[in-house]
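The values are calculated or read from the model by the stated rules, or taken from the named source; none is laboratory data. All of these numbers come straight from a predicted model, not from anything done at the bench. Cβ: placed from backbone, ideal geometry, glycine included. Neighbour counts: every protein chain shown.
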Amino acid sequence: MKCQKSASKARSRRSAGAVLPFVAFIIVLGIAFVAFCVDVMRTAYAASAVRYAAEAAALGAFSSTLSTPAQSYSRDQAKSNIRQAISQASGSSGVAWNTAPYGPNSALSGKAAAESAVYFEDADITFVDNPNTADSGDYFLQLRGRRDGADSLKLFFLPLIYAFNNAGIGSLAVVPTEMRFASPQRLVEIIAQPASRIGAGVPRNGGLAQRDQDLIGFATLPIALSNKQFVALANPANSALPAFNLLLSPTTNIPAGTISGALVNLTPSPSTLAYYNQASSSLNVNQLIANLAYFAPTPTNNEISSALVERGSLISSFNLNSNLFASATVQQQLVDQLRQLSVGRSYIFPVVEENPIFAAGEVCKVVGFARLRLLALPTAFSQGNFSLSVALEPDSVALRNASFANARAAIPVNTTAMMPAPIVPFTARSRVGEGMSARPRSIVMAPSLSPRTAFLSTMVN
């Protein structure tokens, strides 16, 4: 009996001894897997962070083609403005916009830090001409986000795994550099798309942060034009850049060389039911004049900046043949304020779907935004023929305060609704071979992530 018990105990000890190496192997494997996940996930997070930082910097910079609303567009100057904006995003004039995991590198910071600023050097910036010869003047911005050099990620566990698998922990000193550090990089590309929204005008009073000051004046002028005539002019296949009269008086007959338009009320309404004020009272006329004052070179105390305008906005137009403009005083105030606009400068005009409707209670629907150069202003009020002269701009460029989106409306009284589908010439550009479709002419563009992702991935790899 005693022999049987002794034999049973011996077998148990031998079984336990046989299992222990397997258990030890599983434990080591588990620790190695967890360690591998820690390093890999930290590297993946860093890659995501530098991509986000590059996207934010590139989108913000690409809208800096003009540093001020009055600046004339120059491709070389636009590139210089973009480089300067990327430098600001890197923290050249303050705090960097974004951070990402790095190191830790005690020699760099004096202590181990979780994240450091994502900065960009001039070598990270590339301008690529549109391969589509139909729009050879167009270019794309490519920006590389990275964690390398002093910002490389120091790996904690992968070197141990490498050393253990090769020659034991004692060989840690011979672990190659690529196993000690990770240097994730991401390349993003930004292109110009037709703007679907122009932000509210930033007030011109003092005390604003620099990034708010950069948006001053980039707002929608309260003068609309009809897409019925503009759509043909914006066609990139047309080589001519004609000047034309923008007729602001009601008419059923649009002469050749003329586009139907209207003065509109873009001032914000205090009502929770309507986002814009109407165009039916003397108070509304005063709002129009105060809104025009926002675009004059010299700020005034009573000026009103334009509210946010987006595709689908419903705005009211002023009937210059109505009693609201019968007074010679009102007529002169309107002419004087219009003549404060700068001849030779380009402005952002809302484009409405149909010829403006001047009946009481009727509104016009915004479908996009034109960038037109002002050539001449009216010298006197004429109810039947009140117009100004404008010209198309040869380049459609991304502007500050403009954005590209095809999702929900941003207007507070309408945020549960989707913006209407875009119509020509404000439809989104698409890929054409390795390039992008040609830009429509003389419209406001906005920065957007490029749809050339497949092409970019091959470049990065």
**Message:** With surrounded by fewer than 17 Cβ atoms within 10 Å (Cβ to Cβ) and not basic (Lys, Arg) as the only criterion, which of Leu292, Leu314 stands out?
**Reply:** Leu314
**Prompt:** Yes or no: Leu375 in contact with a Ser or Thr (Cβ under 6 Å, 6 or more places away or on another chain) and modelled with pLDDT under 95?
**Reply:** no
**Message:** Please verify whether Ala112 is assigned by TED's automatic domain parsing to the domain that holds Arg180, in contact with a helix residue (DSSP H, G or I) (Cβ under 7 Å, 6 or more places away or on another chain), of a type outside the set (D, E, K, R) and modelled with pLDDT under 85, treating the condition exactly as stated.
**Reply:** yes
**Request:** Restricting attention to the range 295-306, report how many residues are in contact with a helix residue (DSSP H, G or I) (Cβ under 9 Å, 6 or more places away or on another chain) and either surrounded by fewer than 15 Cβ atoms within 10 Å (Cβ to Cβ) or within 30 Å of Asn414 (Cβ to Cβ) (or both).
**Result:** 7
**Message:** Consider the range 277-288. How many of its residues are within 30 Å of the chain's Cα centre (by Cα) and hydrophobic (A, V, I, L, M, F, W, C)?
**Reply:** 1
**Fill in**
Looking across the range 304-336 at residues that are of a type in the set (Gly, Ala, Ser) and within 37 Å of the chain's Cα centre (by Cα), the single one that is farthest from Val367 (Cα to Cα) is Ser305
**Complete:** Residue hits (the range 401-426; under 23 Å from Leu221 (Cβ atoms) and among the polar types (S, T, N, Q)) are Asn401, Ser403, Asn414
**Prompt:** Do you know which residues across the range 271-289 are surrounded by 16 or more Cβ atoms within 10 Å (Cβ to Cβ) and either of a type in the set (A, V, I, L, M) or in a loop (DSSP other than H, G, I, E, B) (or both)?
**Reply:** Tyr275, Asn277, Gln278, Ala279, Ser280, Val285, Leu288, Ile289
**Prompt:** Where in the range 37-147 are the strands (runs of 3 or more DSSP E), entirely inside, with at least 3 residues that are of a type outside the set (Val, Ile, Thr)?
**Reply:** 115-117, 139-146
**Asked** So which residues in the range 233-257 are under 30 Å from Ser67 (Cα atoms) and surrounded by 12 or more Cβ atoms within 10 Å (Cβ to Cβ), if there are any at all?
**Response** Leu233, Ala234, Asn235, Pro236, Asn238, Leu241, Ala243, Phe244, Asn245, Leu246
**Message:** Looking only at the range 177-218, filter to residues that are over 13 Å from the mean Cα position of the chain (by Cα), more than 30 Å from Thr298 (Cβ to Cβ) and not hydrophobic (A, V, I, L, M, F, W, C); which one of those is surrounded by the fewest Cβ atoms within 10 Å (Cβ to Cβ)?
**Reply:** Thr177
**Message:** Which count do you get for residues in the range 346-364 that are assigned to a loop (DSSP other than H, G, I, E, B) and in contact with a strand residue (DSSP E or B) (Cβ under 9 Å, 6 or more places away or on another chain)?
**Reply:** 8
**Fill in**
Quick count over the range 378-432, residues being among the aliphatic types (A, V, I, L, M), surrounded by fewer than 18 Cβ atoms within 10 Å (Cβ to Cβ) and more than 16 Å from the chain's Cα centre (by Cα), is 9
**Request:** Scan the range 401-416 residue by residue and report those that are part of a loop (DSSP other than H, G, I, E, B) and at pLDDT 95 or above.
**Result:** Asn401, Phe404
